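The structure under discussion appears below in the form of structure tokens.
Read the figures in this text as sums done on the coordinates, not as results from a lab. Quantities reported herein were computed from a predicted structural model and do not represent experimental measurements. For neighbour counting, all protein chains shown are included, and Cβ atoms are generated from backbone atoms with ideal geometry for every residue, glycine included.
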Amino acid sequence: MGLKAMSALAFSAVLLAGCGGEPAASPSSRSATPTASAIPPAPSPSPSQTLPPVTDKVSLPQLMREDFPGGEVKVLRESGSTEAYRRFEVSYPSGPLTITGVLFRPRGAGPFPGVVFAHGHIDTDIYVTGQGLRREQDRLAREGYVVLHTDYRGHAGSSPIPEGTEEDESRLGYTRDTINAVQAMKRLPYVDHDRTALLGRSMGGGVVMNALVAQPGLVRAGVTYASVSSDIVDNINRWAVPSRPEEVARLYRQYGDPETEPEFWDGLSARTYFDHIEVPLQMHHGTNDESCPIRWAYTTRDLLESAGVRHRLWVYPGEQHAFGPQWDLSIRRVVGFLDRQLA
């Protein structure tokens with residue numbers, strides 16, 4: 001069984017933060033010799049873990065048992081290319097659905113390491129393809145990383161969220177789309193499929209944590225920015241209860257509330273299964289985050305520590321949710337971390 005959640009509190013969108021290393025002094029070759037890291041080296045491989053039981057199909061244990069074969073990345077059009085990289089609007093399969101996104105390919109032959117981006121919550125009525133992590137897209141592509149930014153189901157040109165599912169509230173559907181994005185990116189001939197990572201912001205941080213516990217061998221590292229709580233109940237109480245009380249009431253009627261049916265809500269919380277994470281996680285969070293309180297990051301950090309996960313939480317005094325004055329410092333830390341972990 002996974003690590004038991006400390007408490008059941010709230011449910012809605014999920015976001016996360018980052019880990020490890022000092023900032024890179026300057027752009028470096030992706031094949032450069034790694035420098036010393038604040039994260040210890042990976043332990044020797046351990047026997048495959050026993051999967052927790054599936055008590056409901058709407059759960060992370062269900063995702064642990066699913067196959068994600070990946071599929072072809074199809075180029076729809078080229079737009080926004082620069083002297084450093086080519087930018088494409090693309091689509092890829094996620095089960096029966098078609099998901100859109102943007103792909104950044106550095107100039108050169110490769111093979112390059114790759115990073116899949118999981119964006120934060122943006123209203124689907126205004127979301128446009130590739131929205132939400134534009135600074136990070138440009139920076140990592142210039143640093144020599146292939147970047148695939150997934151739009152998720154229900155966003156931009158992607159297939160709509162299937163009716164009759166809880167995938168929008170649980171974020172399990174977004175997690176499936178993100179895992180499938182990694183598998184699709186690994187098929188690209190100019191991507192080194194052995195050197196891939198995940199990066200998520202806000203709700204996307206929660207998506208990254210879900211992916212890391214559901215598919216432990218998927219990537220070699222994870223990064224989160226200003227993440228949501230690793231307890232889905234925290235997120236529900238923060239966003240869904242005040243903005244969608246009727247939807248929350250319906251969910252509680254169907255599945256039970258967190259007090260009467262804690263096992264169901266634990267099954268949707270990444271922290272319950274932190275002991276399944278096999279790769280290092282780097283987190284970034286501001287002390288003045290007005291959306292995702294810093295205490296969430298501290299709790300996630302402590303639970304990762306208890307579960308034996310290699311991690312580092314970088315805390316930015318005075319920084320808010322969107323990251324402004326200290327963003328450049330944070331992205332240099334991200335690049336240094338990825339350079340080491342994907343070397």
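Below are the figures for this structure:
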{"item": "Qualifying residue in the stretch 299-312 (condition: in contact with a His (Cβ under 6 Å, 6 or more places away or on another chain) and surrounded by fewer than 16 Cβ atoms within 10 Å (Cβ to Cβ))", "result": "no"}
{"item": "Unique residue being among the acidic types (Asp, Glu) and in contact with a His (Cβ under 8 Å, 6 or more places away or on another chain) when the list is ASP289, ASP234", "result": "ASP289"}
{"item": "Count - residues of the stretch 192-202 that are crowded, with 24+ Cβ neighbours inside 10 Å and out of contact with any Lys or Arg (no Cβ under 7 Å at 6 or more places or on another chain)", "result": "5"}
{"item": "The stretch 234-245 - residue that is surrounded by fewer than 24 Cβ atoms within 10 Å (Cβ to Cβ) and in a helix (DSSP H, G or I) and, of those, farthest from the chain's Cα centre (by Cα)", "result": "PRO245"}
{"item": "Unique residue being over 27 Å from ARG333 (Cα atoms), out of contact with any Phe, Trp or Tyr (no Cβ under 6 Å at 6 or more places or on another chain) and not hydrophobic (A, V, I, L, M, F, W, C) when the list is GLU263, GLU305, GLU319", "result": "GLU263"}
{"item": "Leading residue by the ranking (surrounded by the fewest Cβ atoms within 10 Å (Cβ to Cβ)) among those in the stretch 251-292 that are among the small types (Gly, Ala, Ser) and within 23 Å of the chain's Cα centre (by Cα)", "result": "SER291"}
{"item": "Filter result for the condition that a residue is outside any loop (DSSP other than H, G, I, E, B) and of a type in the set (Val, Ile, Thr), over VAL219, VAL248", "result": "VAL248"}
{"item": "Residue that is farthest from PRO61 (Cα to Cα) [pool: residues in the stretch 152-188 that are in contact with a helix residue (DSSP H, G or I) (Cβ under 8 Å, 6 or more places away or on another chain) and of a type in the set (Asp, Glu)]", "result": "GLU169"}
{"item": "Answer residue from the stretch 323-343, given it is touching a residue at least 24 places away in the same chain (Cβ under 8 Å) and of a type in the set (Gly, Ala, Ser) and is surrounded by the most Cβ atoms within 10 Å (Cβ to Cβ) among those", "result": "SER330"}
{"item": "Count of residues meeting criterion [farther than 9 Å from VAL315 by Cβ and touching a residue at least 24 places away in the same chain (Cβ under 8 Å)] in the stretch 284-300", "result": "8"}
{"item": "Yes/no for ASP194 being touching a helix residue (DSSP H, G or I) at 6+ places or on another chain (Cβ under 9 Å) and not in a helix (DSSP H, G or I)", "result": "yes"}
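Matching residues to (1) closer than 24 Å to ILE232 by Cα; (2) not small (Gly, Ala, Ser):
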| site | (1), (2) |
| --- | --- |
| ASN288 | yes, yes |
| ILE294 | yes, yes |
| TYR298 | yes, yes |
| ASP302 | yes, yes |
| GLU305 | yes, yes |
| PRO325 | no, yes |
| ARG332 | no, yes |
| GLY336 | no, no |
